[in-house]
1. Which pairs do you get when a residue that is under 18 Å from B:Ser38 (Cβ atoms), found in region B:259-272, comes within reach of a residue that is modelled with pLDDT of 90 or more, reach meaning Cβ atoms under 6 angstrom, with the pair 6+ apart or on two chains?
2. Determine which single condition B:Leu70 fails, assuming it passes every other condition in (1) under 24 Å from the mean Cα position of the chain (by Cα); (2) assigned to a helix (DSSP H, G or I); (3) within 14 Å of chain A (Cβ to nearest Cβ); (4) buried (at least 23 other Cβ atoms within 10 Å of the Cβ).
3. How many residues, within region B:591-610, are more than 13 Å from every other protein chain (Cβ to nearest Cβ) and under 15 Å from B:Gly117 (Cα atoms)?
4. Out of the residues in region A:44-67 that are more than 8 Å from every other protein chain (Cβ to nearest Cβ) and closer than 13 Å to B:Leu238 by Cβ, which is modelled with the highest pLDDT?
5. Across region B:579-608, what is the total count of residues that are among the small types (Gly, Ala, Ser) and out of contact with any helix residue (DSSP H, G or I) (no Cβ under 8 Å at 6 or more places or on another chain)?
6. Which condition breaks for B:Arg763 when tested against (1) within 23 Å of B:Val886 (Cβ to Cβ); (2) modelled with pLDDT under 80?
7. I'd like the full set of residues that are more than 7 Å from chain B (Cβ to nearest Cβ) and at pLDDT below 85, limited to region A:20-43.
Amino acid sequence: MARTPRTPPLFLRPASYRQRRRRDAARLLPVVGVFLILLPVLWAPQDTFHRDTAPDGIYLFVAWAVLIGLAMLISRSLTAPEDEDDGAAPVDQDFGR
Amino acid sequence: MPFNILVLSCLAYVIFLFLVAWAAERRADRGRLGWLQSPLIYTLSLSIYCTAWTFYGAVGYAARSGLEFLTIYLGPTIVFIGWWWILRKLVRIGRQQRVTSIADLISSRFGKSNLLGVIVTIIAVVAATPYIALQLQSVTLSFSVFASPTDDGFSPPGTEATAIWVAGGLALFTILFGTRNLDAKEQHHGIVTAIAVEAVVKLVALIAVGIFVVWVMADGPADMIARIDASDIADWNLQPGRWAGLLFAAGAAVICLPRMFQVMVVENADERHLATASWAFPLYLFAMSLFIVPIAVMGLERLPSNANPDMFVLTLPLAEGQGTLAMLAFLGGFSSATSMVIVESIALATMVSNHIVMPVWLRLRPSRAVSGDVRRLVLLSRRISIGVVLGLGYAYYRLSGGSTALAAIGLIAFVGVAQFLPAMVFGIFWRGATRIGAALGMTVGFLVWAYTLFLPSFGPDAVIPAMVFAEGPFGIGWLRPRALFGVATMDPLLHALFWSMTLNTVAFLTGSLLTFPGPVERMQGAAFVRVFDTTSDSPRGWERGLAEPEDLLVMSQRIMGDEDALTFFETEAKGQGKAGYLPDPTPDFMARLERRLAGSVGAATAHAMMSQLAGRATVTVEDLMAVASESAQIMEYSARLESQQEELTRTARALREANEKLMQLSIQKDAFLSQISHELRTPMTSIRAFSEILTEGDLPPEMVANYGRIIQDEAKRLTRLLDDLLDLSVLENGTVQLNLGLSNLSQMIDRALASASHTKPERSFTIDRDLPMENIFIRTDADRLVQVFINLISNARKYCDAQYPELRISVRQKGGRVTIDFIDNGSGIPKESQALIFEKFARLTDQTRAGGAGLGLAICREVMANLGGTITYLPGQGGAAFRVAVPLRLERKAA
């Protein structure tokens with residue numbers, strides 16, 4: 001419960017700075033995902049008559065694989081044991097088990 | 001394949017799953033969780049997202065509308081790679097508040113409101129019916145495709161009969177699986193492990209069929225691409241509205257589906273598993289979808305045009321004569337359907353029992369809430385709910401005709417559960433969300449969904465007359481179910497999704513903006529929204545000292561089970577610096593107990609049950625304001641002070657207890673001294689008097705004999721008293737010699753019962769024993785242990801004041817210890833005396849001169865200490881109850 005009123009430092013040490021940017025990346029990733037997945041809408045495949053199931057399918061699967069790879073990198077770096085200084089409270093204890 | 005062999009292989013597969021679940025549960029019971037709680041198992045269990053819809057329906061979907069089926073898997077992918085936004089918070093809240101279901105989450109967020117619990121439960125049950133019907137339909141279809149008549153003329157039953165058998169079998173299986181033990185815990189290790197196994201089976205099956213299609217039937221990827229280009233679905237129609245709408249619906253569903261919530265939040269054992277699942281679950285979806293298009297293309301190319309594309313996964317290997325592969329595919333589809341139905345119906349049954357049955361029962365008979373056996377009721381209602389849920393699914397299957405494309409049915413369910421999304425997401429991010437807003441939003445959304453999508457799905461004239469479709473109810477054109485507000489050009493699914501979500505959100509926001517939340521609601525809102533900022537310390541609602549700890553213990557035992565409740569209370573008491581099983585009812589303790597109970601019966605019910613005992617929770621808006629206005633500095637300072645003060649209070653309490661004990665002991669010792677001198681003097685006086693008479697001589701021989709016997713009896717009494725004292729001092733010094741050996745517990749109890757029957761032989765006692773449990777061999781000093789048993793049984797015979805006295809002896813083995821409880825049905829020992837009974841010379845009543853000098857239990861305690869065990873008084877058992885605990889194997893001390 002100790003929420004100290006100290007003003008947070010204006011600049012962070014490199015380690016915590018990196019940690020924060022990694023979190024930003026984690027927040028950004030779904031936005032990137034939505035962009036990549038909505039991109040085919042712009043090609044408007046319903047208006048064209050060339051055979052686009054195969055190329056579109058390959059594009060979507062590649063984009064999907066890239067997203068998975070990025071998610072793996074980010075989640076690995078986020079869960080690496082690294083104690084940061086900005087307020088992730090300790091996990092609530094599991095009482096009485 | 002002959003029908004009967006098919007049924008047999010299904011049964012064999014189910015039995016195999018059952019064994020897996022059973023083995024996992026056993027492991028978990030022994031506390032060896034290990035890999036049962038690994039990120040791998042967690043990710044695989046999440047794969048119940050892929051049901052028969054994915055396994056069979058996705059191919060059909062691809063054959064009908066090209067790549068659109070991918071939205072169903074890309075939506076969840078976005079939600080999972082964006083876990084840092086929503087999922088992380090949900091899982092943290094779920095763990096902190098011990099959430100049991102999605103209904104519980106929404107109900108606790110909005111002030112533990114029962115109304116919301118009921119609304120969410122009803123929506124979830126209704127929305128699940130098409131989904132369960134989908135599973136029944138796919139299993140039934142696969143049976144009819146796969147099964148052939150046997151040689152002896154035993155032909156497969158019709159599809160309707162198959163469906164009812166499948167529904168019944170699944171219900172039975174789920175009940176056996178999910179509500180097997182009387183423990184009302186919400187984490188099911190057995191099921192999660194079985195689901196993980198099924199996840200592997202369906203992935204392997206689908207990939208095997210895919211590899212067969214791409215590398216055996218076609219000549220590798222390049223050839224496959226050429227075939228796709230040549231097929232009917234070479235030019236797919238991406239409709240931007242449907243593409244985005246389905247992405248949204250699938251993303252919402254992966255959070256809101258009751259079964260996904262169950263495995264993702266309720267069964268989550270470690271938050272870090274979510275980080276792994278954030279990429280591993282999308283990877284699983286990726287692998288599941290990879291071969292869908294090739295299978296669909298090959299099916300369209302090779303199979304007759306009237307073949308059902310939903311069954312290509314099965315019919316393609318069959319048509320190519322690959323029996324084994326087809327069997328694998330069949331089992332994969334069977335796995336997908338069974339795992340979904342099991343988890344979904346367990347999740348729904350939990351919601352129904354916690355949010356509908358329990359509250360109704362509490363209202364009907366509030367007095368029995370604390371005394372009746374709640375666990376039995378909970379389990380029974382869960383079992384019935386499972387049956388009802390499957391019955392509804394079957395009814396939907398029959399009503400909808402069982403012929404619709406699988407994907408179309410599944411999407412109806414997706415849009416239905418998406419109605420939880422505004423209440424849930426706003427609830428965890430916006431403190432201004434209120435109960436009334438949530439209730440309004442979900443009700444409006446649900447009604448719109450039912451009117452525009454669910455009811456029309458039965459077809460015109462089934463529920464909604466065809467005329468209403470054409471002209472609207474009462475001729476009001478802008479209320480037509482497929483063209484609300486005159487929007488007639490939209491795709492029906494998109495139309496329903498758009499209007500239900502829009503009206504839901506608008507109603508929710510308007511309701512929230514215009515209403516004022518109650519105190520508990522504001523408290524919960526703050527706790528949810530700021531779950532990462534604070535530890536669990538929210539302002540507390542329970543006032544000190546209103547509830548009797550013994551009543552609380554009795555109630556908790558009914559819900560959590562005797563052992564768990566006693567352990568919990570003992571730990572709490574120890575934390576407060578008290579010995580025994582009854583902690584003080586401090587607000588802290590009450591809050592923890594409530595949360596613990598909420599883990600079994602849901603937040604709203606737990607809160608209501610606690611209120612029965614402790615009176616209303618007293619939180620006022622002023623309390624909240626006070627908490628909020630205190631500056632953080634003061635809070636930290638006071639926190640430090642508080643912890644110091646707590647430490648002091650704890651020490652002071654320990655001191656006070658010790659002091660009280662000492663005082664009472666000193667009074668007792670005085671009393672004992674006078675008593676012991678009395679006890680010693682009475683026989684001495686008679687011995688002296690009679691021996692004086694004897695020395696005078698001149699007596700008839702029969703009188704001499706008589707006096708001699710009196711002298712002898714009195715001398716015996718003296719000796720017994722002195723023996724007891726001696727025994728005690730030997731035991732206390734620890735110089736006693738133990739005769740260690742293996743002996744059977746049952747025989748020891750037999751011996752003790754036989755010896756103790758001499759005490760008050762005129763009273764007839766009913767003895768209730770558990771012979772199978774007693775059959776344990778213990779390495780200990782049997783004579784000493786029997787001595788303790790005799791003492792306890794004779795005490796019960798002496799002091800139990802019930803008219804029809806009963807003694808229950810129950811034995812339990814836990815870890816390396818055996819506990820033996822002796823529980824009678826008398827009035828028990830008053831609370832203020834419980835701490836003293838094991839002290840020397842303590843005797844509760846004077847009216848019964850029972851022969852001893854109050855040394856019995858003191859000796860018992862010393863004996864048990866020498867045997868490496870304990871003897872304690874168990875409060876709250878409805879009579880005097882003693883628990884003897886001994887180690888299974890007593891090792892001789894080295895020293």
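1. B:Val263/B:Ser45; B:Val263/B:Leu46; B:Val265/B:Leu90; B:Val265/B:Val91; B:Asn268/B:Val91; B:Glu271/B:Val91
2. It fails just one condition, (1).
3. 8
4. Checking each candidate, the answer is A:Tyr59.
5. Quick first cut of region B:579-608, residues among the small types (Gly, Ala, Ser) only: B:579-580, B:591, B:598-600, B:602-604, B:606, B:608.
Filter again for out of contact with any helix residue (DSSP H, G or I) (no Cβ under 8 Å at 6 or more places or on another chain), leaving B:591, B:599.
Residues in region B:579-608 being among the small types (Gly, Ala, Ser) and out of contact with any helix residue (DSSP H, G or I) (no Cβ under 8 Å at 6 or more places or on another chain): 2 in total.
6. (1)
7. A:Leu42, A:Trp43
Residue-wise test of (1) in contact with a strand residue (DSSP E or B) (Cβ under 9 Å, 6 or more places away or on another chain); (2) buried (at least 19 other Cβ atoms within 10 Å of the Cβ); (3) among the aromatic types (Phe, Trp, Tyr); (4) over 16 Å from B:Ile195 (Cβ atoms).
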position	(1), (2), (3), (4)
B:Ile5	no, no, no, yes
B:Leu8	no, no, no, yes
B:Ala12	no, no, no, yes
B:Leu19	no, no, no, no
B:Gly31	no, no, no, yes
B:Ile41	no, yes, no, no
B:Leu46	no, yes, no, no
B:Thr51	no, yes, no, no
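The values are calculated or read from the model by the stated rules, or taken from the named source; none is laboratory data. Keep in mind that this is a model prediction, so the values were computed, not measured. As a convention, Cβ positions derive from the backbone with ideal geometry for all residues, glycine included, and neighbour counts pool all protein chains shown.
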